[in-house]
């Protein structure tokens, strides 16, 4: 039985707590959150205790820590949990600074603890199946990866301001998908972007609409399309062109109901946002982490993947600003 | 907190036990099964106890009984649970004999206990949405209901022999859907059927492929298509033609992955069978039952719906045998 | 070069005239129509002449006759054309009376002329492909054929009155498809029907909504669903369940445009009616006729198929009226 | 009646000749081709004459010229036809050199003749409908245009060598679509590309896989994905994200047949290549040209559009070579 302490009792934290409860080999022991009421509610639901960070990490019965608190606390918590010898499951990002991420990876490595990064989309049933079939060679060699990723609506401006910007906050998920599907590291990054959704985003120094292209050393190409707004809901699609065909994964819909009337034939919009679309992914990623820790294997994706995706995001931002292709060496 | 005793610790029983655990207002207290090992495993998982039927029903703390044991035990358990004052959630069928069903309904009525019948498909997100939108008048008046219902593979012959036959065992779900969607009772039933899948089914006195048409008093029509075998998996589709358009619900698939190759463009088969397809429906139907009992409202569908569907199944069998339209008075 | 005389310069006639013009091995020589203006317009467009029936049939240079005039003239024209030694391409039906149809077939047989019946749907690219793949065994043995056939709107009441009724006028196309796809003659016919679309249709002694089930000697089943009204356009779909899978053909749409908005995801309605949906079929059926005549092979479908479909339509009507399954011997 | 002389009796020429024949207001008078047999066959089919360029252009009865000969003859023929006062319908490209294109436009302008450029995709029913609905504001302001354009297989290396390269030969169609759909001229162009399909293409100095991004002055973005090979056929898709939703047009398929078996659910591949996919577009573009000439309105797209698309193609090539964003002033 793997015992967890969880940092953060918000929306994502609640999902992880549910999934711990559904797993026969895991249990939630501690909840830590600055919002005491939220921490209390979560602890009560699962028979856990509300404690301080120190208490949670000091308990040797606790084998793993989930870090689902606000982004600015991730790096400190990773280092503290690593030094306390806990296996770590951290929401992205580790940090918005590459050097800070590197120090976290170093601390975890020295402590010898596994560090999983919650790139949840890798566990989406459709994307995971696409990646597996791609890896099995069903469509031959990868030639082009096309990722469409659009949010239903932009986050609050206050969030935008501390988010690190679209490339580091939003596109980082897609950059991770790109690395995973390309099967090679991108060595060239080119970006273009605009602020079309809300002028306040531009005032905050950010963009809301962006296109990035990647190229690997062997010439594989990738294009990523991001928008902070899609009137029809969360648009999460992937297609991969290979030498023998194409694999693609379309959006998920709440029902299969179709209405045919004098106005046309209509179906449901995609599931609204990440909580709905990636419900199965959240469960699968935590199950995979528990399995990895329980079997002493390395969880994947890990801290390195977070670091690599952040490098790509930084390169995209630089490319956008300098209007030129940025080259990366791995 | 509604406390349950559950009869039957098999596949369906396990699903109900999970869903009780996920519900914040319900708990599983007792498990009863002739298979002691199965009962023990379920009870251990949820902190319940393995007891006899008598003990379970005698405990006044128990508010509700789930009957998910073998079909031939349903009627006795309904009567016993009703006399013990428990709210009842029973897997279909109540019984294969209409008169026995009637006596069960009578006992439940006298005892004043709610009796819910587990026509799970009414709770499938796609079918439930279709029915709601139909009821809201989105496509006008109902004119024709078309139900396609095919199993991936026939059950064992031993099951076929005690099943009551295709009309009572398999099509009864579709006959319930027909009643629900037509919004009127069918007054004419015509059936045709064949044994095309496995000659052993004919030897057991049953059919494996069947078509039934229904007609209501106002002239609404319905066609039901059943087969015990669909090589591509569980085929569960509904379409309803109305005066202003059509609503239809297609099959559910495991992923949205599509492969385009030199051979064509292919997608996943439908989800394999009822456990996969109706996972969400099983949760929703139990939630609805718990809500109904907790709020002292009548659960739906109830015992009457089981009786009505069985009448239609018997009429279909008669029509098939006598090669004529059978008329029903309600 | 096969020279044609054409009887009937209406909508369908115009399509046939176009398709003769597009064929490198055929030419239109004569047009016959009681509506002289229509005949004149068609003749002028293609360099043909307007003549009387007698003149057209007397010309030995004319090898083939297209009969696309009003239904009540078909039988007489078939007999006249057959006696004049012309190959005959006749719009359905030959006649509404089985005995009259039989006499036409007899005359054509005695004259030794080919008689093709324009069951255009057999030449629809989707349906023809489905039938070919079915015949090639792609989904194993045929077990169940499901035909959905709904018109966008009912014809004028004056047409209804002389049409022979829904079974003989509209469903006859579907009964032909059923025979073609089942690969065996239906020996049992059961029908139910209603008047739901327009009370004037009931007053005219007809129905507008109907379901028919067929059963062949080996037990293959078929269901046909007809309505005189589908608010979303011409609904023409077929699915065939076989022992190894299912083939289905969906509706055709004008474009592939899809709109995703806050209201849902919508696509085009099906093509409006037979002129749009079966444009390719009309060309293919005439090409096939010209090829058959040019190569002295028997055109298919032929007069026999028209006779067989009418027998099924008559049986369906009888079944509906007598509320019993009607048996046919072939 | 508009009389045509046509230069080029190859595949595309044959399509135009058919479409002239189908148009009630046009006729084909002369065919000019260095391949005399091809010219003769086409002329015979439509009652036209085989003549020299000089003879064809000298006939004052001829109102319009179709230029469907080899690319290197286009500019000379445009100038000759313009000076002879003929309305001109020219296959793309006008020329591979921007300055030569400019001189052609100048000559046509001086001669006062309309010059239509055959960007056939603008007339595809799906793309034309998408553009119309976009222009009507159905999804609000345009934010992002995504164009997928992949050929089933690369052309012969000999063609590649004289083609002007992927950007000028293949992507030019997509650059025209981009301009048409963006509603603004792109002012920034960034490209990346690889040779992944056939090393011989790299040896010929070209690429076979490319991604281009465009940005307009107001910040609208566009991405274009090209490959010379798609194992599943001609992949021609467009999607446009707007402030109120998304419009997309998917591939066209030969039939709607779907097969469900134990292996999955499969549909047809897209139509094989441009002759199949754009058959309706070829007819519509010529009809539009005939209508424009007949009504003395300016045909669209015209020579200017060819010039603009070539500028974008040149900029893309430059961007690819210099690994930087290229800026354009209009």
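Observations
- Candidates B:44, B:124, B:76 - the one that is crowded, with 20+ Cβ neighbours inside 10 Å and out of contact with any strand residue (DSSP E or B) (no Cβ under 6 Å at 6 or more places or on another chain): B:124
- Filter result for residue A:214 (at the interface with another protein chain (Cβ under 7 Å from one of its Cβ atoms), part of a strand (DSSP E or B), modelled with pLDDT of 95 or more and in contact with a helix residue (DSSP H, G or I) (Cβ under 9 Å, 6 or more places away or on another chain)): no
- Residues that are crowded, with 24+ Cβ neighbours inside 10 Å and at the interface with chain C (Cβ under 8 Å from one of its Cβ atoms) were ranked within the stretch B:194-209; the one that is farthest from residue B:252 (Cα to Cα) is B:196.
- With respect to (1) under 23 Å from the mean Cα position of the chain (by Cα); (2) without any contact (Cβ under 8 Å) to a residue 40 or more places away in the chain; (3) in a loop (DSSP other than H, G, I, E, B), the lone exception for residue D:28 is condition (3).
- Scanning the stretch C:90-121 for residues that are away from chain D (no Cβ under 14 Å) and closer than 21 Å to residue C:249 by Cα returns C:118, C:119, C:120.
- Annotation note: Cβ proximity below 6 Å between a residue of the stretch D:184-206 that is on the phi > 0 side of the Ramachandran plot and a residue that is buried (at least 24 other Cβ atoms within 10 Å of the Cβ) and at pLDDT below 95 (sequence gap 6+ or interchain) occurs for no pair.
- Residue check for residue C:54: without any contact (Cβ under 8 Å) to a residue 12 or more places away in the chain and touching a helix residue (DSSP H, G or I) at 6+ places or on another chain (Cβ under 9 Å): yes
- Screening residue D:267 with (1) modelled with pLDDT of 95 or more; (2) closer than 29 Å to residue D:137 by Cα gives one miss only, at (2).
- Selection of the stretch B:127-146 for residues being in a helix (DSSP H, G or I) and either within 9 Å of another protein chain (Cβ to nearest Cβ) or modelled with pLDDT under 95 (or both) yields B:127, B:128, B:129, B:130, B:133.
- Condition check for residue C:188: within 24 Å of residue B:219 (Cβ to Cβ) and more than 12 Å from chain B (Cβ to nearest Cβ): no
- Applying the condition of being modelled with pLDDT under 90 and assigned to a loop (DSSP other than H, G, I, E, B) to the stretch C:5-25 and asking which residue is surrounded by the most Cβ atoms within 10 Å (Cβ to Cβ) yields C:23.
- Some residue of the stretch D:62-73 being part of a helix (DSSP H, G or I) and under 21 Å from residue D:275 (Cβ atoms): yes
- For the stretch D:79-104, the set of residues classified as within 22 Å of residue D:174 (Cα to Cα) and surrounded by fewer than 19 Cβ atoms within 10 Å (Cβ to Cβ) consists of D:97, D:98, D:99, D:100, D:102, listed by residue number.
- Members of the stretch C:74-89 found to be free of Cβ contacts under 8 Å to residues at least 60 places away in the same chain and part of a strand (DSSP E or B), listed by number: C:88
- Selection status of residue A:327, over 23 Å from the mean Cα position of the chain (by Cα) and farther than 26 Å from residue D:149 by Cα: yes
- Scan of the stretch C:93-109 for residues that are touching a residue at least 12 places away in the same chain (Cβ under 8 Å) and in a helix (DSSP H, G or I), ordered by number: C:98, C:100, C:101, C:102, C:103, C:104, C:105, C:107, C:108
- Selection count, the stretch A:21-41, where residues are in contact with a strand residue (DSSP E or B) (Cβ under 9 Å, 6 or more places away or on another chain) and under 21 Å from residue A:84 (Cα atoms): 8
The values are calculated or read from the model by the stated rules, or taken from the named source; none is laboratory data. Note that the structure is predicted; figures quoted are calculated from it, not measured. As a convention, Cβ positions derive from the backbone with ideal geometry for all residues, glycine included, and neighbour counts pool all protein chains shown.
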